[in-house]
Structures are given as structure tokens and as C-alpha cells.
Amino acid sequence: MKFNKTFIGVLSLFASLSLNAQEKHSDKPKLVVGIVVDQMRWDYLYRYQDRYTKDGFNRLLSEGFSNENTYIPYVPTYTAIGHSTIYTGSVPAIHGIAGNDFIIQATGQEMYCTQDDEVNGVGTTSKAGKMSPKNLLTTTVTDQLKLATNFRSKVYGVSLKDRGGILPAGHFADAAFWFDGETGNWISSTFYMNELPQWLQKFNDKKLTDKYLDKWTTLYPIDTYKQSEKDGNPYRANYKGNDKMIFPYDLKAMKKDNGFGLIRSTPFGNTLTKDIALAIIENEKLGKNDAGITDFLAISFSSTDYVGHQFSPNTIEAEDTYLRLDKDLGDIFNYLDKNIGKGEYLVFLSADHGGAHNPKYIQDKKGNAGYFQTSTVKKELNAKLESKFKAKDIVRSLSNYQVHLNYDVINSNDLDEDNIREEIVKYMQKVDGVSFAADMDNIANSPIPAIIKERMINGYNRKRSGAINYILDPQWYGGKVNAGGTTHGTWGSYDSHIPFVLMGWGIKPGKNYNPVHMTDIAPTISALLKIEEPNGNIGKPVVEVLQ
């Protein structure tokens, strides 16, 4: 009898240990946190590495797995496309998000990427709330997670930008939240709910936007920012209503002219995004689902893009923004350790695109760069076409580095579209700053390097993209001559080389130097979660991550 009791006790102990081991090392993460840093070039992982804390970017690199050669496989490289591609494993030709704004070619209607006139805002009466993922034609990895768990997984998206929260969260999300610059509050739309949850109403009542819009001083002594041009350099654009472009910036004084939206163009927009992200995890109990059911939070940090556009790389403003984001990331990881459990959550970090150096900056350093004068080229192109075809405004737009035809004019004047396309290509090939121009129906016969040609094809959606695509010379982009700040959208490495780092559940530390594409992110996450990849996916799981 004594032996039996001992034997039963030993069995119970092993059963308990086995159960604990299963709970600690479950076959799926409790929570996935997808982080997109808007306009983050890959080199920002290392450019400021010696100044990052141990808790943020450096923790990702030391504990995580970094795919060092991850590239965007399409043009143009814009925010809405990047977020869609990361989460769908697809490209504009298939998922349909052909730009932040695009043109419905059949009607000439201009369409914003998340525009949905059939829904209304929740938490706002402005047009900022009339948004949904309706224009996204494929599923996302977050949609597939919902389908795989019979909709038991919780999925949320959040970003200052509507497109940064909505598109990653997909069609089946519990909610997406974004920032309303008119009120300083976080809002949603009737696509998801009829009223904001009580916790979010209380969060908005804290008026954190007012709190953060005070002063922007550098995180560290300003003379330690050796990776940046000196304070007061000419490669930046000023805030509205601001006299001197030097630190410290009096945000409280500038709010009168800029409104609550001012926070977007400061690093504190990222901190505000961190605050609501943690509030979503806590109040929606993400990571606390039934055993084996994974939840998902998609976060997009947008202030890096706003700051990048306004101030450009190699500025103290950009450097300080990344140093502060590093601390925000550390706060998130430490919170997840404490509340979800270290090793129980999966984090991945990537970017929707990079950002170019300011052309004047490159020129002043005696490099080749330039500004493409979009409006001037369009005007001169239309004049040339009118002279030949006797009709005005044959070209509707040159948006997204594409020539969009005005089919109303072409059809009403019974013009030969093929001849028009041929004339446009001939003209665009001679424009200063243009490397290549191609009729997308005849691109196979165009003498364009294969890698660039493939990106043009991937980015071309017949129903939403212009008939002729053009590629600019390196370090050229569309903008006013000598304008401060910067932009993105081209195929160059500064726009297309992005980070892709994973950390946490199922990830061993390491680095991969083999070529990886943005389209590979969604199928890699799908493989880790053991779910079907999105239905428009053309990417492949990164085997090195899975090993």
C-alpha cells in the first residue's frame, strides 16, 4: 500500500510537471504583436544602435532573428501598399491597394485607400471616420487567424493613420482605431462598432494629446547627436506658425496654428500610440484567450513618417524620434513580459517603406540627385498631346509615378489609345530625371532591368493604376525644387530596403543574409501559427526563421 501511494505520488508529480511544461511551451503563442514602423529604413536598426537602450531595438537584435536583406518587390513604395503587402503576402496587382490614393480607371474616380462612404465615424462626426478595409481585395494573415480559430481569436489594429490601423487588421477584425486630428481622440467606424468601448472613452477623456503637446527638447544633450546635421540645417520644412527651426520646439504655442494633428509630426505621436496599444491589450484581454487560441495586435507607428517627411534623414529631429521610439518599444516588450509572459508572445517588426535623403542635401555633398516637377511635366505633356491629337487634357494625372489617361476625353473624341500611349512613352523617356518609361501592356518588350521590371509589374493593378509607369533616376523624387524634408515611393534601396525582425515565441536568435521580400512576412507568420496563408499570397515562408 505504501508503494502504491508513493508510485501514485510520483505519477502525479510527473503529470503536473508535464502540464506545466505544456502551458509554458505551448504550440502556439498567446499573442502576436505586429509592429510596422512607418518610413523606417533598414539601416536605422544600426545607424543609432550605440545609442539605443538594451530594451528596445537592441533587444530585438540580440534576442530575435533579423532578416537583413528584406526588400519591397513593387513600385510605388507607399504607406497603404506597404501595410497591405506585409499582412497579405501579396502585391498591388492582386490585393488592389495601388497607392494611398488611386484612380478607378473605368470611371476616373479618385479613391482613398480606406475610403468607405457607406460607413460613419464612431467617436467623431468628421469624414475621418468614414473608413474601412473594403478596398482591400484579399485576406490578411489576421483574417486567416480569425478563420482558423472559428473567429475565437481577437484581432485589433491601431495607428495614428487610419490606413495603418485598418489594413493590417483586415476584414474580420474586432476593431481598428485611429487618431482624429480635429479632436485629439482615438476613433473608429461603424464597420466595426456603433459606439466606442467604455475603456476607450475613458482613455480619450485623459486628454493625453494635450499633455504631450508641450515642449520637444532632445532626449539627450544636443551636442551628442553626431549622426545628424547641426541644428538649424536647411534640409527641413518648418511647422506652421513656428519662427525658428531650432530646439526646443514650443509645441504648446504651435498647437493654435496646427491643431491636435501637430502631435503626428513629433515623436510623442509614437508614445501616444504606445499608450493606446497597451490599453487595448489590457482592456480587451489580449493574450488571455482559451488555450491554443492566439490573439493579434497590429500596431503601426506613424510619427516616424511624419517627422521623416518634414525633416528628412540626417537631422536631429529624425534621430531623436528613433531614440524615443526605442524607449517606447522597450516599454511594450517589458509590459508583454510581465502581463503575457516572456516566451509566450511573438513580436515581429518591419516597415512599410523607407525614405530618401533630401535631394538638395545630396547635391550639396556633390552627389547626383534632383526634383521631378510633376505638375510641369503633366502640363507640357498634355500640350504636346493636344497638338497631335487635337484634344485637351488627355492625361488625367501623373500620380504614383504613373500616367493616368482621361478615358472620357479619349472616348468622346474617338482617339486611338495605342497611339497616345506610344507618344507618352516617347515623351517621358526624354524628360530630365526619368530612367525608364513603359506602356504596361507592352512592358515585356521594354529594355528595363529585370528586377525593376518585375517591381513595376507587381505594382500595376489594371483597374486602379496608370497605363504608363515611369521610373526616376536614383535620388530623384517628385517635389518642389529645394523643398525641405523628404518623401519616398521609388525603387531605390533607401525606399525599398526594410527591416524584418522576429522575437519571442518560437524564435531563436540569429541573422539571415539571404534575399527576403516583404511578401514573405505574412506566409512566415502563417507558418509559425500553423494557419493557411492569405488568399492572395505570393510570398514564401522564410525557412531560416522556421529552422
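Working only within region 194-220, note down all residues that are among the hydrophobic types (A, V, I, L, M, F, W, C) and exposed (fewer than 15 other Cβ atoms within 10 Å of the Cβ).
Keep residues of region 194-220 that are among the hydrophobic types (A, V, I, L, M, F, W, C), which gives 196, 199-200, 203, 208, 213, 216, 219.
Correct list: TRP199 only.
Considering only region 95-136, state which residues are closer than 18 Å to ASP352 by Cβ and either over 18 Å from the mean Cα position of the chain (by Cα) or assigned to a strand (DSSP E or B) (or both).
Looking only at region 95-136, we keep the residues that are closer than 18 Å to ASP352 by Cβ, and these are 95-102, 112-114, 131, 133, 135-136.
Selection gives ASP101, PHE102, TYR112, MET131.
Does ASP214 qualify as being at pLDDT 95 or above, touching a strand residue (DSSP E or B) at 6+ places or on another chain (Cβ under 6 Å) and closer than 30 Å to PHE311 by Cα?
Numbers: at pLDDT 95 or above: yes; touching a strand residue (DSSP E or B) at 6+ places or on another chain (Cβ under 6 Å): no; closer than 30 Å to PHE311 by Cα: yes.
Considered against the rule, which asks whether it is at pLDDT 95 or above, touching a strand residue (DSSP E or B) at 6+ places or on another chain (Cβ under 6 Å) and closer than 30 Å to PHE311 by Cα, ASP214 comes out as no.
Among the residues of region 149-168, which ones are within 11 Å of SER300 (Cα to Cα) and not polar (S, T, N, Q)?
Filtering region 149-168 down to residues within 11 Å of SER300 (Cα to Cα) leaves 157-168.
The answer is GLY157, VAL158, LEU160, LYS161, ASP162, ARG163, GLY164, GLY165, ILE166, LEU167, PRO168.
With the condition kept exactly as written, say whether any residue in region 460-480 is more than 23 Å from TYR112 (Cα to Cα), at pLDDT below 95 and surrounded by fewer than 22 Cβ atoms within 10 Å (Cβ to Cβ).
Within region 460-480 (the criterion being more than 23 Å from TYR112 (Cα to Cα), at pLDDT below 95 and surrounded by fewer than 22 Cβ atoms within 10 Å (Cβ to Cβ)), the answer is yes, since at least one residue qualifies.
Specify which of the listed residues (LEU349, LEU381, LEU385) is touching a residue at least 12 places away in the same chain (Cβ under 8 Å), over 29 Å from the mean Cα position of the chain (by Cα) and under 30 Å from THR486 (Cβ atoms).
Details: LEU349 fails: over 29 Å from the mean Cα position of the chain (by Cα); LEU385 fails: under 30 Å from THR486 (Cβ atoms).
Only one candidate passes the filter, namely LEU381.
For region 388-406, how many residues are outside any strand (DSSP E or B) and buried (at least 17 other Cβ atoms within 10 Å of the Cβ)? I'd like the intermediate steps shown before the answer.
The first filter runs over region 388-406 and keeps only residues outside any strand (DSSP E or B), leaving 388-394, 398-401, 406.
Subset that is buried (at least 17 other Cβ atoms within 10 Å of the Cβ): 389, 391, 394, 398-401, 406.
Total meeting the criteria: 8.
Which numbered condition trips up PHE177, out of (1) modelled with pLDDT under 95; (2) in contact with a Ser or Thr (Cβ under 9 Å, 6 or more places away or on another chain)?
Checking PHE177 against (1) modelled with pLDDT under 95; (2) in contact with a Ser or Thr (Cβ under 9 Å, 6 or more places away or on another chain), the one that fails is (1).
Of the residues that make up region 503-519, is at least one among the polar types (S, T, N, Q) and closer than 30 Å to GLY292 by Cα? Reasoning before the result, please.
Just the residues of region 503-519 that are among the polar types (S, T, N, Q), to begin with: 512, 514, 519.
Pick out the ones that are also closer than 30 Å to GLY292 by Cα and you get 512, 519.
Looking through region 503-519, at least one residue is among the polar types (S, T, N, Q) and closer than 30 Å to GLY292 by Cα.
Among the residues of region 34-65, write down those that are assigned to a strand (DSSP E or B) and under 18 Å from the mean Cα position of the chain (by Cα).
Going through region 34-65, the residues assigned to a strand (DSSP E or B) turn out to be 34-37, 65.
GLY34, ILE35, VAL36, VAL37 - these are the residues of region 34-65 that are assigned to a strand (DSSP E or B) and under 18 Å from the mean Cα position of the chain (by Cα).
Does ASN339 satisfy the condition of being part of a helix (DSSP H, G or I) and either among the polar types (S, T, N, Q) or on the phi > 0 side of the Ramachandran plot (or both)?
The answer is yes for ASN339.
Taking only region 420-439 into account, find how many residues are outside any helix (DSSP H, G or I) and either buried (at least 20 other Cβ atoms within 10 Å of the Cβ) or of a type in the set (Lys, Arg) (or both). Give the derivation first.
From region 420-439, those outside any helix (DSSP H, G or I) are 429-439; that's our starting set.
Applying the additional criterion that residues be either buried (at least 20 other Cβ atoms within 10 Å of the Cβ) or of a type in the set (Lys, Arg) (or both) yields 430, 436-438.
So the answer is 4.
Give region 526-547 a look and list any residue that's farther than 14 Å from SER66 by Cα and assigned to a helix (DSSP H, G or I), or say none.
Listed by number, the residues that qualify are SER526, ALA527, LEU528, LEU529.
The values are calculated or read from the model by the stated rules, or taken from the named source; none is laboratory data. These numbers were taken from a predicted model, which means no experiment stands behind them. Ideal geometry is used to build each Cβ from the backbone, glycine not excepted, and the neighbour counts take in all protein chains shown.
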